[in-house]
1. Rank by packing, highest mean first: peptides 64-76, 98-110, with packing defined as the count of other Cβ atoms within 10 Å averaged across residues.
2. Along Cα→Cβ, 7 Å out, is where each label goes; now give me the distance between the ones at residue 32 and residue 68 in nm to one decimal.
3. Averaged per residue, what accessible surface does region 3-151 expose to a 1.4 Å probe, in Å²?
4. Considering only protein heavy atoms and a 1.4 Å probe, what is the carbon-and-sulfur percentage of the accessible area of region 3-151?
5. Hey, which of these cross-link pairs are over 18 Å Cα-Cα: 35/59; 36/92; 14/127; 43/170; 44/68?
6. Which lysines, if any, have their Cα less than 17 Å from the Cα of residue 106, not counting same-chain residues under 8 positions apart?
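The values are calculated or read from the model by the stated rules, or taken from the named source; none is laboratory data. As the structure is a prediction and not an experimental result, all values here were calculated from the model. Glycine also receives a Cβ, built like all others from the backbone with ideal geometry; neighbour counts cover every protein chain displayed. With ligands, DNA and RNA removed, areas are computed over all heavy atoms of the protein, side chains included. Shrake-Rupley method; radii C 1.70, N 1.55, O 1.52, S 1.80 Å.
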Amino acid sequence: MGILDRFRKNPIEKLSLRELQEEEIRLRNRLERTKKEIERIEKKKKQLFQEGIGADVLKKKMLAQEIKSLDMEQKLRLRDFTTAQKQYTFVKNLIVVKKYEKELRKIGLWDKLSKVEPEQLESVLVKVSLDGREFDEMVENLNRVFEMDIAEFEGTEDQTERELMDAWAKVETGEADVEEVTEKIASPKLERETEEGL
């Protein structure tokens, strides 16, 4: 059973700082592996797009299918990365909260945090960045986020093949720069968060 599963079943007091720090390292490593996998897929998509420039329609259709498949894999990896990023933020923030436990008890915020449902506390600690904050700023952020709601962004389109055909046509007629189009094709359409938090 992972530490996050244990957190969902146990109050905040039962998790040790050491356990949280070990989980932080595990999640950081997972983020690094996922980031490398996303970059590998991006490179492969660029390569396949380059192969399609000047190719016949059948070859382009085959390459478009491969790129679409890689695009789907990349979106799944990005979703995994986003989930791991949220867990990483949560654990980092939980470490900060645990480090300030005595001070938070003195001002009564610890009681508030320990009485919140684990899922709600997790949601709160994913929405803020407490790392490197002064104590007063951390308390202010914790208090503010209890009232906030977060909206999940989700968007998928299945016009990839048409976009690829259009991109190849523009490159072949000289309307578009190969490098620019290749970058656009290779980059995922979801927002990238790979640089944050690592």
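1. Put in order of decreasing packing, that is 64-76, 98-110.
2. About 3.7 nm separates the two model spin labels.
3. Numbers: 8350 Å² over 149 residues.
That works out to 56 Å² for each residue.
4. 49 percent
5. Pairs exceeding 18 Å: 35/59; 36/92; 14/127; 43/170.
6. 98, 115
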